[in-house]
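The values are calculated or read from the model by the stated rules, or taken from the named source; none is laboratory data. Owing to the predicted nature of the structure, the values given are computational and were not obtained by experimental measurement. Cβ sites come from the backbone with ideal geometry, for glycine too, and all protein chains shown count toward neighbours. All accessible areas refer to the heavy atoms of the entire protein, side chains included, with ligands and DNA or RNA removed. Shrake-Rupley method; radii C 1.70, N 1.55, O 1.52, S 1.80 Å.
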Amino acid sequence: MRPIIVVVGARPNFMKMAPLYSELKKRNLNALLVHTGQHYDQNMSNIFFEELGMPKPDIYLGVGSETHARQTAKIMIDFERVCIENKPQRVIVAGDVNSTIACALVATKLNIPVDHVEAGLRSFDNTMPEEINRILTDRISSLLFTPSKDANTNLINEGINPNSIKLTGNIMIDSLVSNLKKTNSKILKKLNIKEKQYILVTLHRPSNVDKKDVLADIVSALNQISEKIPVVFPLHPRTKNKMKEFNIQHNNNARIIFTEPLGYLDFLSLTKNTKLVLTDSGGIQEETTALGIPCLTLRENTERPITVKEGTNKIIGNTKSRIIEEFNYVLSNESQTYKIPRLWDGKTAKRIADIIQRRVN
Ligand code: UD1
């Protein structure tokens, strides 16, 4: 049979595609794993393959870091060759990174149907590169696999054919459910912290880290918070580079524990055991909701409103005063009611594979 190409490129793609790739293989479907190399460091890429049980990619494009236009263009040129040589019957892309739109665009122009996993999310903020990637990928995809009902509504409002929209649930939660039993306290011991006695921070969005005054204000808030409770802060390469470039120092007395980017299992262990997460990530808003851990999102909006409506997430912007105020509120208000959204049950990959299997031969 002609292959089904499964595309991964950047860190948040790996936990979305690992369960689907494995499900397709279980059904003896000819899945071909293509990694664009948008992320390439050991701890931004390889470790996820090892921990999530994905084999080495069949094809690695090695595009690396570039400006948006150059990175997208490089992926397109290389991926077109892959499609021409391998004649896939379908191409599956996930999420909203540059690799997603680049590969979707190439495949569609070669008349190869594209399936988009995690379709329909909208922040309604076109200054986010991911929003452009989402809108355009959805517009040209054949099957749109959505994580929640709000995503269906967004797609219908944009005039997408309802027959192509499939509410299959949140595939990231498949990885979370199947790996939860592998979490442990090794990383807590290594960092010398205790369950529920630290907070976890991740930041990498250009809106938070690319401007000196904004990043300095956030780090200043973290300094102040760390006087009350240790702060664990795995540094994304973009954030690390910017802190260096802007010469932003953290207070020496502050208990901020900076680490390299962490692998999936260490990070999940930290998320599961933390008192609170401060983040600007999309996926972490979902993982905290699934785990019932309070999450404060340092953004003005979210493409994942269900994590606010039903889950444990709150959108708080990025000013120092608001961060401190919301942190204090969470610390003094123990219980939070939440529910796990429908179809965030660890079975999304099966539902997606069922639909894809009916369309391949
Ligand atoms: C990308 C995605 C973003 C996602 C994020 C998760 C786009 C437009 N953005 O943003 O949606 O939330 O990944 O991490 O696709 N770098 C390394 N090693 C790596 C990868 C990157 O050092 O393995 C450094 C490079 O200096 C690079 C910078 O990090 O310039 C940013 O990487 P890039 O892939 O451009 O964007 P992210 O901010 O990671």
Quiz item: Which residue fluctuates the most in the chain, going by a Gaussian network model with Cα springs under 10 Å, if the choices are N152, N111, N333?
Solution: N333
Practice problem: For region 1-53, report the accessible area per residue in Å² (1.4 Å probe, heavy atoms, rounded to an integer). | Solution: 34 Å²
Quiz item: Going by the alpha-carbon gyration tensor, a ≥ b ≥ c the square roots of its eigenvalues, is region 15-168 rounded (a/c under 1.5) or, if a/c is not under 1.5, prolate (a/b greater than b/c) versus oblate?
Solution: rounded
Practice problem: Assuming R0 = 51 Å, can you tell me the calculated FRET efficiency for the pair N111 and Q224, based on Cβ-Cβ distance, to the nearest 0.05? | Solution: 0.35
Quiz item: Quick one: Karplus J couplings for region 341-355, per residue in order, coefficients 6.51, -1.76, 1.60, θ = phi - 60°, nearest Hz, x for Gly and Pro?
Solution: x, 4, 6, 9, 10, x, 10, 5, 4, 4, 5, 5, 4, 4, 6
Quiz item: Can you flag which of K272/K350; K196/K244; K194/K272; K314/K339; K275/K320 are past 21 Å Cα-Cα?
Solution: K272/K350; K196/K244
Quiz item: Taking springs between alpha-carbon atoms closer than 10 angstrom, which of T168, T72, T127 fluctuates most in the Gaussian network model of the chain?
Solution: T127
Self-check item: Backbone N under 14 Å from the K309 label point (7 Å along Cα→Cβ), restricted to region 109-143
Solution: 121-123
Practice problem: First measure r as the distance between the Cβ atoms of A216 and D125, then evaluate 1/(1 + (r/R0)^6) with R0 = 30 Å and state the FRET efficiency to the nearest 0.05. | Solution: 0.85
Exercise. Pull out the extension gain between F258 and E50, defined as 0.36 nm times the separation in residues minus the alpha carbon to alpha carbon distance; nm, one decimal.
Key: 72.5 nm
Self-check item: the chain - charge dipole about Cα centre, Lys and Arg +1 at Cβ, Asp and Glu -1, debye rounded to 20
Solution: 760 debye
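Within 15 Å, Cβ to Cβ, of I77, how many net charges do the neighbouring residues add up to if Lys/Arg are +1 and Asp/Glu are -1? Intermediate values should be presented prior to the final figure.
Values: positive: R70, K74, R81, K109; negative: E66, D78, E80, E85.
Charge balance in the 15 Å sphere: 0.
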Exercise. Grab the Cα-Cα distance for I156 and S207, subtract it from 0.36 nm times how many residues apart they are, and report the gain in nm with one decimal.
Key: 15.5 nm
Quiz item: If you find the alpha carbon centre of region 36-74 and of region 221-266, how far apart are they in angstrom?
Solution: 25 Å
Quiz item: Between I140 and D41, how many nm apart are label points set 7 Å from Cα along the C-beta direction?
Solution: 3.1 nm
Quiz item: Separation between the K196 and T337 pseudo-spin-labels, each 7 Å from Cα along Cα→Cβ, expressed in nm?
Solution: 2.1 nm
Quiz item: Rounded, prolate or oblate: which fits the chain, taking a ≥ b ≥ c as square roots of the Cα gyration tensor eigenvalues, rounded meaning a/c under 1.5, else prolate when a/b beats b/c?
Solution: prolate
Exercise. For a quick protection proxy, order the peptides 193-202, 11-20, 322-331 by their average other-Cβ count within 10 Å, most packed first.
Key: 11-20, 193-202, 322-331
Self-check item: the chain, helix-only ellipticity at 222 nm - DSSP H runs n ≥ 4, -39,500 (n - 2.57), divided by all residues, nearest 500
Solution: -13000 deg cm²/dmol
Exercise. Please turn the phi angles of region 275-284 into ³J(HN,Hα) values with the Karplus equation 6.51 cos²θ - 1.76 cosθ + 1.60 (θ = phi - 60°), one per residue in order, whole Hz, x for glycine and proline.
Key: 6, 6, 10, 10, 8, 10, 6, x, x, 5
Self-check item: Listed residues D78, D96, D174, most fluctuating in the chain (Gaussian network, C-alpha, under 10 Å)
Solution: D78
Quiz item: In the neighborhood of L235, defined by Cβ-to-Cβ distances under 11 Å, what is the net charge if each Lys or Arg adds +1 and each Asp or Glu adds -1?
Solution: +3
Quiz prompt | Projected label distance in nm at S185 and R358, using a 7 Å step from Cα toward the beta-carbon | solution = 4.8 nm
